[in-house]
Amino acid sequence: GAVVSQHPSWVICKSGTSVKIECRSLDFQATTMFWYRQFPKQSLMLMATSNEGSKATYEQGVEKDKFLINHASLTLSTLTVTSAHPEDSSFYICSARDGSGHGETQYFGPGTRLLVL
Amino acid sequence: GENVEQHPSTLSVQEGDSAVIKCTYSDSASNYFPWYKQELGKRPQLIIDIRSNVGEKKDQRIAVTLNKTAKHFSLHITETQPEDSAVYFCAASMGGGFKTIFGAGTRLFVKA
């Protein structure tokens, strides 16, 4: 089946630093990738939709200058949390949509747990 | 925009019993409805999905029903087992490059 990897799986950083998270589709081309944030015992909160070769579409309330998204190829999207602060600590999950077939199914990465001290 | 509501938020059943989780959506243009299972600390995994051109789909102990008129869809798990314990999310999408909207999740506990 379709596999999505995410790296790193966890990261601890100091306040004010930037953190880059990579999301890769390993065995399919992902025309669209999504970035979610999930707080403990809560649902998946969509942050942005990323289409290959174009600018990401951010959800209301998500700062595009703070959460930089790049989708340079059909298999890689990156999320950079700039000038991270403790309130940015969360579980970040990406998903990739397979461009073949109906192109509807989303496959999730394993997530990145970010802790900002 | 699309809004997906999911009930109940918590569900506790005895092993062997059935579990039903219900969702409603608001945008009649949505045509794809996946269900995901998320175990603690892990990624959501697709367990079943249904498209708007069918009313029911079954895969072993799991079934999903869709009522497009009422904009309702439900997940049915029969003969529940302790390993079914997890958080289940319903979702709605228009497919393609459109985003998927998730429900708030249902925490299912299956007691042995």
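Going residue by residue through segment A:87-97, is there one that turns out to be free of Cβ contacts under 8 Å to residues at least 40 places away in the same chain and either aromatic (F, W, Y) or in contact with a Pro (Cβ under 6 Å, 6 or more places away or on another chain) (or both)? Within segment A:87-97 (the criterion being free of Cβ contacts under 8 Å to residues at least 40 places away in the same chain and either aromatic (F, W, Y) or in contact with a Pro (Cβ under 6 Å, 6 or more places away or on another chain) (or both)), the answer is no, since none of the residues qualifies.
With the structure loaded, tell me whether B:D49 is away from every other protein chain (no Cβ under 14 Å) and crowded, with 17+ Cβ neighbours inside 10 Å or whether it fails that test. Considered against the rule, which asks whether it is away from every other protein chain (no Cβ under 14 Å) and crowded, with 17+ Cβ neighbours inside 10 Å, B:D49 comes out as no. The lone criterion from (1) in contact with a His (Cβ under 9 Å, 6 or more places away or on another chain); (2) within 11 Å of chain B (Cβ to nearest Cβ); (3) not in a strand (DSSP E or B) left unmet by A:E104 is number (1).
Among the residues that make up segment A:34-41, is at least one of them under 16 Å from B:G95 (Cα atoms) and surrounded by fewer than 19 Cβ atoms within 10 Å (Cβ to Cβ)? No. When B:L75 is tested against (1) within 13 Å of chain A (Cβ to nearest Cβ); (2) within 23 Å of A:R97 (Cβ to Cβ), only condition (1) is not met.
Return yes or no: is A:S90 under 24 Å from B:N3 (Cβ atoms), surrounded by 13 or more Cβ atoms within 10 Å (Cβ to Cβ), modelled with pLDDT under 90 and more than 9 Å from chain B (Cβ to nearest Cβ)? So A:S90 does not fit the description; no. Selection of segment A:49-62 for residues being at pLDDT below 90 and either assigned to a strand (DSSP E or B) or buried (at least 21 other Cβ atoms within 10 Å of the Cβ) (or both) yields A:S50, A:N51. Of everything in segment B:26-37 that is buried (at least 22 other Cβ atoms within 10 Å of the Cβ) and either among the polar types (S, T, N, Q) or over 15 Å from B:A63 (Cβ atoms) (or both), the residue that is modelled with the highest pLDDT is B:Y36.
The residue that is farthest from the other protein chains (Cβ to nearest Cβ), among those in segment A:20-51 that are in contact with a Ser or Thr (Cβ under 7 Å, 6 or more places away or on another chain) and among the β-branched types (V, I, T), is A:I21.
Yes/no matrix, rows are residues, columns are (1) surrounded by fewer than 20 Cβ atoms within 10 Å (Cβ to Cβ); (2) within 14 Å of chain A (Cβ to nearest Cβ):
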{"site": "B:N53", "(1), (2)": "yes, yes"}
{"site": "B:T80", "(1), (2)": "no, no"}
{"site": "B:C90", "(1), (2)": "no, yes"}
{"site": "B:M94", "(1), (2)": "yes, yes"}
{"site": "B:F109", "(1), (2)": "yes, yes"}
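The values are calculated or read from the model by the stated rules, or taken from the named source; none is laboratory data. It should be emphasised that the depicted structure is a prediction, and the values quoted were computed from it without experimental measurement. Cβ atoms come from the backbone with ideal geometry, glycine included; neighbour counts cover every protein chain shown.
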